[in-house]
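Encoded as structure tokens, the structure appears first; notes follow it.
The numbers here are math on the coordinates, done by the rules we state, and not lab data. These figures come from a predicted structure and were not determined experimentally. Positions of Cβ are generated from backbone atoms using ideal geometry, with glycine treated the same way; all protein chains shown enter the neighbour counts.
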Amino acid sequence: MRLVILDEYNLASEWAAKYIRNRIVQFMPGPDKFFTLGLPTGSTPLGCYKKLIEYHTSGDISFKYVKTFNMDEYVGLPRDHPESYHSYMWNNFFKHIDIDPANAHILDGNAPDLQKECEAFEQKLRSWGIDLFVGGIGPDGHIAFNEPGSSLVSRTRVKTLAKDTIVANARFFGNDLSKVPTMTLTVGVGTVMDAREVMILITGAHKAFALYKAIEEGVNHMWTVSAFQQHPRTIFVCDEDATLELRVKTVKYFKGLMHVHNKLVDPLHSMKDYKN
Ligand code: PGA
């Protein structure tokens, strides 16, 4: 596991975006070789998406041969509702880059048969395999919508949200609890564990206890993000605030490795250069 600690949110977002950029560019995607990227929603990845859009605008990266798979979607919220994850992804990322919408996969929370929808999504993920799954977590340590107590080998499925998550999401629905969807479709912990690589973004003091549970205590289904201790390639990218509950020794150890980690985000030649 790598723990990358940046001073503040914007720097953490930039680091994560550079990492994604480098991974895609180094992969040298093409018509017969798509890079597959798992993506989250929420407030945490917004800074990272903004930076990726900048890299796209400056010609450093293309998403033409990238397939994306989103982690989750609300059940029953119209696709064009401003808070649907379809709207979120389109407005905050996809409409600003050159991805073919047919390559951007998001679960359909209005499918007539939700179970079938989940099975088909899981099947697609399995057949493509995910090169890099990017995730965020909730203060209760949930990854995607795998709430506390979710099976750590769970797959894509229909899930009822924990009360804490419904309350946390109320801010997006005019603070009216009755308007917040209570069910979602979500990839499972096992689904994300199948990715070749996982990068989890954790920022803010309100996530500090979850980061502590994620890395300093054992694997526990009450903190589903802790499952990634058993993934061969996980990077946690966080800001200083998120480290508040970690031991000084842990923070010092990983900060001492920053010169190594920073090599992973060194500027690369552009995709154009790689193809020549
Ligand atoms: P946030 O949500 O990025 O808005 O904090 C993350 C989550 O709850 O999974």
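With Cα atoms as the point set, the radius of gyration and Dmax of the range 42-181 evaluate to 15.5, 44 Å. Taking a temperature of 37 °C and a viscosity of 0.692 mPa s, what whole-number D in µm²/s does Stokes-Einstein yield for the range 52-124 with Rh from Kirkwood over alpha carbon pairs? Estimated via Stokes-Einstein, D reaches 248 µm²/s. Let me make sure I get this right: for the range 1-69, a, b and c are the square roots of the gyration tensor eigenvalues over alpha carbons, sorted descending. Under 1.5 in a/c it's rounded, otherwise prolate if a/b > b/c, else oblate. Which is it? Prolate. Fully extending the segment from GLU217 to ASN10, taken as 0.36 nm per residue of separation minus the present Cα-Cα distance, adds 71.7 nm. With the helix formula -39500 (n - 2.57) applied to DSSP H stretches of n ≥ 4, the chain reaches a computed 222 nm mean residue ellipticity of -9500 deg cm²/dmol. When only DSSP loop residues count, what GluC sites (Glu not before Pro) in the range 71-177 have their Cβ near at most 11 other Cβ atoms within 10 Å? Counting only loop positions with at most 11 other Cβ atoms within 10 Å, none of the GluC sites (Glu not before Pro) in the range 71-177 qualifies. Which one, HIS206, HIS259, HIS231, has the greatest fluctuation when you compute a Gaussian network model over the chain with C-alpha springs under 10 angstrom? Of the options given, HIS259 has the highest mean-square fluctuation. Remark on ALA104: its backbone amide H falls under 5 Å from those of THR68, a criterion applied only to residues 5 or more positions apart or on other chains, H modelled at 1.01 Å from N.
For the Cα trace of the range 195-276, dividing Rg by the Kirkwood Rh returns an Rg/Rh value of 1.07. Once the Kirkwood radius over Cα pairs is known for the chain, the Stokes-Einstein relation at 10 °C and 1.306 mPa s delivers a diffusion coefficient of 84 µm²/s.
On a straight-distance basis, which aspartates and glutamates could pair with LYS213 in a cross-link, Cα separation under 17 angstrom, same-chain partners fewer than 8 positions away excluded? Straight-line reach from LYS213, under 17 Å: ASP140, GLU147, ASP239, GLU240, ASP241, GLU245. Cα convex hull, the range 40-83: 104 Å³ per residue, rounded to a whole number. Per Stokes-Einstein, at 20 °C and 1.002 mPa s, what whole-number D in µm² s⁻¹ belongs to the range 98-231, with the Kirkwood radius over Cα pairs as the hydrodynamic radius? Translational diffusion coefficient: 137 µm²/s.
Mean-square fluctuation check for the chain, GNM, Cα pairs under 10 Å: which of GLY129, GLY188, GLY218 is largest? Between GLY129, GLY188, GLY218, it is GLY218 that shows the largest mean-square fluctuation.
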